[in-house]
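The values are calculated or read from the model by the stated rules, or taken from the named source; none is laboratory data. On a predicted model such as this, the values are computed, not experimentally measured, just so you know. Counting neighbours? That spans all protein chains shown, and the Cβs are built from the backbone with ideal geometry, glycine included.
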Amino acid sequence: MGRRATTRGASRPITATTTRLSSIPPASGPRLYFQKVPESKTAKNRVHLDLRAAAGVPPEGRTDALEAECTRLVALGARRVRRLEADEINSVCIWMEDPEGSEFCLD
């Protein structure tokens, strides 16, 4: 494939033999997690990142932490699409787009 996954200076190639689920643990900071899915992407977005913006925040402060990070990113040029409320399976998250229209979630 020729693509590389990179996090804080450490990289390794992503190949056809890469395991179904790949996690590249950094020494500190963000972690990238890759998951293959059976369907192909039909639009321009090739990678979707879930950014852990409320890691370590108690549940009662999670929404406020996500909203604060959303506000910061909007000021930098991102666009808020919508907030996805918590349900029986998932916690609250905020769906966003970067200035080029690539989707990501604050999680």
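Out of all the residues in the range 57-82, which are among the basic types (Lys, Arg), surrounded by 10 or more Cβ atoms within 10 Å (Cβ to Cβ) and closer than 20 Å to residue 47 by Cα? Lay out the reasoning, then the answer.
Restricting attention to the range 57-82, the residues satisfying the condition of being among the basic types (Lys, Arg) are 62, 72, 79-80, 82.
Next, only the ones that are surrounded by 10 or more Cβ atoms within 10 Å (Cβ to Cβ) stay: 62, 72, 79-80.
79, 80 - these are the residues of the range 57-82 that are among the basic types (Lys, Arg), surrounded by 10 or more Cβ atoms within 10 Å (Cβ to Cβ) and closer than 20 Å to residue 47 by Cα.
Could you count how many residues in the range 80-98 are modelled with pLDDT under 95 and touching a helix residue (DSSP H, G or I) at 6+ places or on another chain (Cβ under 6 Å)?
Residues meeting the conditions: 1.
Looking at residue 101 and the list (1) touching a helix residue (DSSP H, G or I) at 6+ places or on another chain (Cβ under 7 Å); (2) touching a residue at least 40 places away in the same chain (Cβ under 8 Å); (3) loosely packed, with under 15 Cβ neighbours inside 10 Å, which single condition is not satisfied?
In the conditions (1) touching a helix residue (DSSP H, G or I) at 6+ places or on another chain (Cβ under 7 Å); (2) touching a residue at least 40 places away in the same chain (Cβ under 8 Å); (3) loosely packed, with under 15 Cβ neighbours inside 10 Å, residue 101 misses (1) alone.
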